[in-house]
Amino acid sequence: MASHHLPHHESHGNHPMSVIGYVLVLGGFASAALWLVSMAGGHVAAAILFGLLMIGAFAVAASIFLSLNHRHHHSPVLPDNTEPELDRYMRRYRE
């Protein structure tokens, strides 16, 4: 029977919801750009739609980041869920 060894994968320590928050922030900036262009072009309905999408995306992203920070005590930016991971991260990327 052959044994298969999977390559060791080190966890990056980021919570999966922080990725969703990041994507929502990117979507919020894209909606902000489209809101500005629609407003300047005189397209009122599109401007209202993109403005609401922008506010919604930023509000949901902020609530995700605040929830991760306060409820779960996990930074949405730094992978600091354990001391060894934080030390490893700081040695690898900050020095």
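The values are calculated or read from the model by the stated rules, or taken from the named source; none is laboratory data. Predicted model only: the values in this text are computed from it and were never measured. As a convention, Cβ positions derive from the backbone with ideal geometry for all residues, glycine included, and neighbour counts pool all protein chains shown.
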Failed condition for Ala46, given (1) touching a Leu at 6+ places or on another chain (Cβ under 8 Å); (2) surrounded by 16 or more Cβ atoms within 10 Å (Cβ to Cβ); (3) not charged (D, E, K, R): (2)
Condition first: touching a His at 6+ places or on another chain (Cβ under 9 Å) and modelled with pLDDT under 80. Can you find one or more residues in the stretch 15-38 that meet it? yes
